[in-house]
Amino acid sequence: MFKEYFSIAWRSVVAHKIRALLTTLGVVIGVSSVILLLSLGNSAKAEAANQIRAIGSNLIIVRVTDRNGVLPTIWLDELKDSGKLAAYSEIISGNTSYVVNGQNFDVSVSGVNQDYGFVSSLELTSGRFLSQIDLDNNLPVVVIGPKVAEKLFPLTDAVGETMVIQGVQFRVIGILTERGTNFNGDLDATAYIPIDFAGTLFPYRLNSKTYYLASETEDTVATSMRKIESYLTSVLPSANEFNVFSQSQILGVMNTLMGLLTTLLAGIASISLIVGGIGIMNIMLVTVRERTREIGVRKALGAKRSQILIQFLIEAVIITTLGGLIGLGVSYVGAAIIQYLSDFKVTVGLDSVFLSLIFSITIGVVFGIYPANKASQLEPVDALRYE
Amino acid sequence: MLTLSNVTKHYKMGDSVVRALDGISLTIDEGDFTAIVGPSGSGKSTLMNIIGCLDIVTDGEYVLNQIPIKKYEEDELAEIRNKQIGFVFQQFNLLPSFSALENVMMPMTYARVPKKQREKIAAEILTKVGLGDRMDHKPTELSGGQQQRVSIARALANNPAIILADEPTGALDQKTGKEVLDLLTQLNKQGKTVIVITHDVGVAAYASRILTIRDGKIVDDSRKEADHV
Ligand SMILES: Nc1ncnc2c1ncn2[C@@H]1O[C@H](COP(=O)(O)OP(=O)(O)OP(=O)(O)O)[C@@H](O)[C@H]1O
Ligand SMILES: [Mg+2]
C-alpha cells in the first residue's frame, strides 16, 4: 500500500517539477550549509588529531618558575624510572630575525638536548640531530626547519653551511621535515641548538624553565604527570610556580573549542533549514487548497482520512528529501571547491549522507503534517463543491 | 436496497435554518432506474449526498443495504462509498494528471486491490464502455462524452450495487448525453441500481421511476415502463 501512496505523491511532485524544485531550495541551502560546516569541523578535528600524533601523544610539557634556585639540575633524572619517563629535554627559546630579499624572516631558536628530537618526534630530511658529543662539548651546531633552509640557503644544500644566530656562527648539521603550523607557531621556521648556547644567547629566560618530556607510552602520561606534580609540590615553595600539561590535553581543549564552534555555526545554519521547512509548509498549504476538488473526489471514491494524510505527507517528504539529496550534492561540490582553493582537506563522510537524509525527512514530516492534516480533515461534500 | 424514513437535512445560515430536505421518505429497490427531478434549489443534490453517504442526515433514518448510516464514522462511510456506490458527477471530476486507466483504477486502490488485478479490471471496464483504445489518454485528451464514460467506468470499478449520477449529461450536448444515458440504461439492465438526478425531463424519461421534489419534499412519485427507444 505504501508503494501506492508513494507513486501517487510522486506523480503530483513530477506534475509540478519547477515548483517542487523552488520550494525545496531552502532545504537545499540548509542541508548543504549544515553538512559543509560539520564536515569542515570534522576535518579540522582530524587535522588536530594528526598534529597530536605528529608531535607525540605522550608528550608532557613542564613550566617551572624557580626564583630561589631550589630545583636541582638533575631532578628529572631522579624521576625517570618512577615517573615512567622515556626521555626529556629542557628547552630555552628565543627569536632571531633575518632579512631575506628585503623582507623580515623570523626564526624561533630553541636550545635543547640530544633527546629533544625523540621527545618531539622530529624527523630529518638530511643530516642528523644534535648528539651527546655536541652537547657535552657545547659545539656551535644547528638543526634547522625546512623553511629556514629554503630562505637562507635557497641554492645549496644547507647541511655543512654556516649561519649566524645572535652574532654567533653555527654550522648546519641537519634539516627537519615539514611539520606545518600549530598553536606554537610555524614549526618549519625553527632552529635547534645545544641548550647551553641558548642559555647564553637568551639569558633572560634563566629563571623560568621549560621541559619537554616523553612518557613511556600514551597510557603512562597520567602517571608521569602525577609524579612530576607531586615532586614539584614538595620542592617548590608554592604550587603557583609550576604547571604540567600534556600535549593531548592542549589539543583536547582545542578540540572541544573547535567542536563548540562547529556546533554553533551548524546551529546557525540549521535556522535556514527551519526557514526551508516553513517554505515547504506554505507551498503544501497552497497545494492542498488548489487540490481541494481532487481531495473531495478521492474521498467520495473511498479514500479514508489517514490515506489522504499519508498522501500529502509523503508528497512533502519527497520534496524535502529531494532537497536533502541536492543539498548533499552541493556540499560535495562545495567541499571539493574549498579543498581546491585552500589545500585544507574537507571530507563529506557517510555520516553526512545519513544526516542530510534524516534532516530532510524530518523537515518534511514536521512541516508537512499540518497541511496534510488539513487536507485529510476536509469534508467530502464541501471539497467536491470547491471551484 | 435503500430506505429513507422521514429524513431531514438542515443547514444553519447564521440565525436562519435552510431546510434542504424536509421529511423525505422513500424506498428504492434493487435494480430500479430512478430519476430524481425538481427545480434548482429543491434539494436534489442534498438528497444525492445523503444517499451517497457523502453527508449524514440531520434527522430521520437512512438505511443502505441493511446498514443504518447515521451512526457511522467518516472512515466507515468512506469504505461504504468505496464498495457500495459508484459516483458519476456532472463535471466528471477525473484527476487531470492521471490517464483514463489510472483514473478507473483509483477506487480499487482504496479497496486495496493488487495492482495487476486493478489494471486488468480497469482495462476490461474501459473496453466495455467503448474506450478500449483510449486507456492511456489523459482527461484533457478526451471529449466530454468520453470523459463521462471514463467516469462511469470509474464508478463501476469496485462493482458497486448502486450508480449515483448527479446531472450526468449536464455538461454534454444532446448526442453525447444520449450515449451516456444509453450506457446507464444498459448497466441498469445488467442489474445495477441507477439513480439519476436531473432537471431535464428528457433525461428523466429514461428512468422507470420519477421522483419529483420541491422545497425538500417529495411531491410526485410516478412509475412507468421505460419504453423509450
Ligand atoms: N452547505 C450548504 N449550506 C447551506 N445551504 C445549503 C448548503 N447546501 C445546500 N444548501 C441549500 O439547500 C438547498 C438545496 O440545495 P441543493 O444543492 O440540494 O439543490 P439542487 O436541487 O441540487 O439545485 P440545483 O438543481 O441548482 O443543483 C438550497 O436552498 C441550497 O441553498
Ligand atoms: Mg444540484
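The values are calculated or read from the model by the stated rules, or taken from the named source; none is laboratory data. Source: prediction; values computed, not measured. With ideal geometry, Cβ positions are generated from the backbone for all residues, glycine too; neighbour counts draw on all protein chains shown.
One table, with the values for the structure above:
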read-out	value
Residues of the stretch B:13-58 classified as within 11 Å of ligand 1 (Cβ to nearest atom), out of contact with any helix residue (DSSP H, G or I) (no Cβ under 6 Å at 6 or more places or on another chain) and among the small types (Gly, Ala, Ser), total	7
Given (1) outside any helix (DSSP H, G or I); (2) within 14 Å of another protein chain (Cβ to nearest Cβ), index of the condition A:Leu309 fails	(1)
Residues that are over 19 Å from B:Ile210 (Cα atoms) and either in contact with a Ser or Thr (Cβ under 7 Å, 6 or more places away or on another chain) or not aromatic (Phe, Trp, Tyr) (or both), drawn from the stretch B:8-28	B:Thr8, B:Lys9, B:His10, B:Lys12, B:Met13, B:Gly14, B:Asp15, B:Ser16, B:Val17, B:Val18, B:Arg19, B:Ala20
Count of residues meeting criterion [within 21 Å of A:Glu161 (Cα to Cα) and surrounded by fewer than 22 Cβ atoms within 10 Å (Cβ to Cβ)] in the stretch A:111-131	9
Options A:Leu341, A:Leu384, A:Leu355: the member that is within 14 Å of chain B (Cβ to nearest Cβ), part of a helix (DSSP H, G or I), hydrophobic (A, V, I, L, M, F, W, C) and over 22 Å from A:Phe2 (Cβ atoms)	A:Leu384
1 or more residues farther than 22 Å from B:Val203 by Cβ: qualifying helices (runs of 4 or more DSSP H) within the stretch B:1-115	B:74-84, B:100-110
Filter result (touching a residue at least 60 places away in the same chain (Cβ under 8 Å) and within 16 Å of ligand 2 (Cβ to nearest atom)) within the stretch B:51-90	B:Ile51, B:Gly52, B:Phe87, B:Val88, B:Phe89, B:Gln90
Residue ID - surrounded by the fewest Cβ atoms within 10 Å (Cβ to Cβ), chosen from residues in the stretch A:358-381 that are within 16 Å of ligand 1 (Cβ to nearest atom) and facing chain B (nearest Cβ under 10 Å)	A:Glu379
Residue that is surrounded by fewer than 20 Cβ atoms within 10 Å (Cβ to Cβ) and under 37 Å from the mean Cα position of the chain (by Cα), where the choices are A:Ala49, A:Ala20, A:Ala15	A:Ala49
Any helices (runs of 4 or more DSSP H) falling wholly within the stretch B:118-220 and containing at least 2 residues that are closer than 21 Å to A:Leu301 by Cα	B:144-156, B:174-189
Selected residue [more than 16 Å from ligand 2 (Cβ to nearest atom) and aliphatic (A, V, I, L, M)] from B:Leu47, B:Leu126	B:Leu126
Among (1) surrounded by fewer than 18 Cβ atoms within 10 Å (Cβ to Cβ); (2) assigned to a helix (DSSP H, G or I); (3) touching a residue at least 60 places away in the same chain (Cβ under 8 Å), the one test that A:Arg63 misses	(2)
Residues that are facing chain A (nearest Cβ under 9 Å), farther than 24 Å from B:Ile67 by Cα and not charged (D, E, K, R), drawn from the stretch B:83-130	B:Phe89, B:Gln91, B:Asn93, B:Leu94, B:Leu95, B:Pro96, B:Ser97, B:Phe98, B:Met106
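To keep it simple, each residue is scored yes or no on (1) within 12 Å of the chain's Cα centre (by Cα); (2) among the β-branched types (Val, Ile, Thr); (3) modelled with pLDDT of 95 or more; (4) closer than 24 Å to B:Gln84 by Cβ.
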site: B:Val129; (1), (2), (3), (4): no, yes, no, yes
site: B:Asp166; (1), (2), (3), (4): yes, no, no, yes
site: B:Lys178; (1), (2), (3), (4): no, no, no, no
site: B:Asp182; (1), (2), (3), (4): no, no, no, no
site: B:Lys189; (1), (2), (3), (4): no, no, no, yes
site: B:Lys192; (1), (2), (3), (4): yes, no, no, yes
site: B:Val201; (1), (2), (3), (4): no, yes, no, no
site: B:Tyr206; (1), (2), (3), (4): no, no, no, yes
site: B:Leu211; (1), (2), (3), (4): no, no, no, yes
